[in-house]
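Below is one structure, written out as structure tokens; the observations come after it.
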Amino acid sequence: MAKRVVLAYSGGLDTSVAVRWMIETYGVEVITVACDVGQGGDWETIKDRARAAGAVEAVVVDCREEFARDFCGPALQANALYENRYPLVSALSRPIIVKYLVEAARMHGAEAVAHGCTGKGNDQVRFEVGIAALAPDLEILAPVREWGMTREECIHYADRFDIPLTATREKIYSIDDNLWGRAIECGEMEDPWASPPEGVWEMTKLTASEPTELVIAFEDGLPVALDGRKLPMHELIAELNVLVGSYGWGRLDMVENRRVGIKSRETYEAPAALALIMAHLDLEALTLERDLHHEKLRLEPRFAELVYDGMWFSPLKQSIDAFVAASQRYVDGEVRLRLEPGRCIVVGRRSEHSLYDYGLATYEAADSFNHADSVGFVRLWGLGIQTWAARQSARG
Ligand code: ARG
């Protein structure tokens, strides 16, 4: 059994109890690592809580900039939506947390890493497969999966060891949030027929009443400016979450297939991620050559599936990354979004690398398309089916 363990720490009930429980049960020293991926939180209080629970060292890493650049960025370039809808909020943050767990394990001479996931979710898969990819020698501990305590028992355990917590007995939702969005699970939503209670929404409360328009500028498929104001990507995402969210737009309510074979009802809010993906898809339609565009559309669901399934560091995912990166060379330009209460739509797009040719597209006098070319083209395009129709289709 390892002597020192690095634990992925959120500051919540489970991971706080896990610190003490591992000390008591395994006789190890625990170092906690908390990653700021934009979820907000009082990091000093979180550090104090880790120490109060018994951690020998409490590390906090501000990962916001890196998370936006190296995780949200590639996901946006790949228009990554799991099962066509979910922008991978939690699935994107696990690999960066894994990276910092491994780094801390090396720095503090730990032989094991631990996480606070249950046995029913995807996050355990993402942590463990991620660790296996980056540090196959490290042992992995999953205290929450092992201890079999109920929520009540955990609260009691925390009381017994004087672990200061803000958790209350009434807290019924499991929340995970970061710059890319927020996942809300459990409670009455475990009935897929029941509407999500209005109180679950935080990022998408409708407060705006006047419609507005917003221009997002992209370079190489990444957002670089809002209404002409250059912004680092993590700040741009944060601003967009507030603005788009204030129109009450960016909610998802879906049943999804978890990697472990369970169908689960999930609600999400991801105003910035969903608006950016919508805008980016639109700019690609303007700037990507047709075959490249179509092939990319075929690969995107695979990318999303790999990330969802914990394969961020896999060779297939890396190879798709290379394809996606190469495809973004001309995805520069601007997309204009219109925001109205409950609505966000694209109303305009332009690019210096646009493949839209007015002369070819217009039905007006400026038409430069050679109509006569179509005659032979369409005849040959349909020749095979015409032959088939004459010889075989008639047989019924
Ligand atoms: N179902 C989502 C996913 O697998 C959200 C998970 C949220 N995690 C959590 N610990 N509440 O990506």
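The values are calculated or read from the model by the stated rules, or taken from the named source; none is laboratory data. Because the structure is predicted, anything quoted here is derived from the model rather than measured. Neighbour counts run over all protein chains shown; Cβ positions are idealised from the backbone, glycine included.
How about the range 79-96: which of its residues are more than 10 Å from the ligand (Cβ to nearest atom) and charged (D, E, K, R)?
Glu83, Arg85
Give me the residue from the range 213-235 that is aliphatic (A, V, I, L, M) and farther than 18 Å from Val346 by Cα and, out of that set, surrounded by the fewest Cβ atoms within 10 Å (Cβ to Cβ).
By that ranking, first place goes to Leu231.
Return the only residue of Val200, Val224 being in the same structural domain as Arg265 (by TED's automatic domain parsing) and under 23 Å from Leu281 (Cα atoms).
Unique residue meeting the criteria: Val224.
Report, by residue number, each residue of the range 302-320 that is out of contact with any Phe, Trp or Tyr (no Cβ under 8 Å at 6 or more places or on another chain) and either surrounded by fewer than 18 Cβ atoms within 10 Å (Cβ to Cβ) or among the hydroxyl-bearing types (Ser, Thr, Tyr) (or both).
Hits for the range 302-320 are Arg302, Phe313, Ser314, Pro315, Leu316, Gln318, Ser319.
Taking only pairs six or more apart or across chains, which ones have beta-carbon atoms under 8 Å, a first residue in the range 88-103 that is in the same structural domain as Val33 (by TED's automatic domain parsing) and within 12 Å of Val6 (Cα to Cα), and a second residue that is within 12 Å of the ligand (Cβ to nearest atom) and not aromatic (Phe, Trp, Tyr)?
Ile97/Ala8; Val98/Arg126; Leu101/Ala8
For Ile46, are the conditions met, namely being surrounded by 16 or more Cβ atoms within 10 Å (Cβ to Cβ) and either within 16 Å of the ligand (Cβ to nearest atom) or of a type outside the set (A, V, I, L, M, F, W, C) (or both)?
Considered against the rule, which asks whether it is surrounded by 16 or more Cβ atoms within 10 Å (Cβ to Cβ) and either within 16 Å of the ligand (Cβ to nearest atom) or of a type outside the set (A, V, I, L, M, F, W, C) (or both), Ile46 comes out as no.
Can you name the residue in the range 340-365 that is small (Gly, Ala, Ser) and surrounded by 10 or more Cβ atoms within 10 Å (Cβ to Cβ) and is also farthest from Val244 (Cα to Cα) among such residues?
Filtering the range 340-365 for residues that are small (Gly, Ala, Ser) and surrounded by 10 or more Cβ atoms within 10 Å (Cβ to Cβ), the one farthest from Val244 (Cα to Cα) comes out as Gly359.
Listed here are the residues, each with its yes/no results for (1) outside the structural domain of Asp220 (by TED's automatic domain parsing); (2) among the charged types (D, E, K, R).
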site	(1), (2)
Ser327	no, no
Asp332	no, yes
Arg343	no, yes
Glu364	yes, yes
Ser368	yes, no
Asp373	yes, yes
Arg379	yes, yes
Ile385	yes, no
Ala390	yes, no
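Of the residues in the range 244-277, how many are surrounded by fewer than 16 Cβ atoms within 10 Å (Cβ to Cβ) and of a type in the set (A, V, I, L, M, F, W, C)?
Summing the residues that are surrounded by fewer than 16 Cβ atoms within 10 Å (Cβ to Cβ) and of a type in the set (A, V, I, L, M, F, W, C) in the range 244-277 gives 4.
Just checking, does the range 158-181 include any residue being of a type in the set (D, E, K, R), at pLDDT below 95 and in contact with a strand residue (DSSP E or B) (Cβ under 7 Å, 6 or more places away or on another chain)?
no
Taking the range 169-216 as the search range and keeping residues that are more than 16 Å from the ligand (Cβ to nearest atom) and among the β-branched types (Val, Ile, Thr), which one is farthest from Arg64 (Cα to Cα)?
Once the filter is applied, the top-ranked residue is Thr212.
Conditions tested, residue by residue: (1) more than 25 Å from His108 (Cα to Cα); (2) in contact (Cβ under 8 Å) with a residue 40 or more places away in the chain; (3) in contact with a strand residue (DSSP E or B) (Cβ under 7 Å, 6 or more places away or on another chain).
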position	(1), (2), (3)
Asp48	no, yes, no
Ala52	no, yes, no
Ala58	no, yes, yes
Glu65	no, yes, no
Pro74	yes, yes, no
Ala78	yes, yes, no
Leu81	yes, yes, no
Arg85	yes, yes, yes
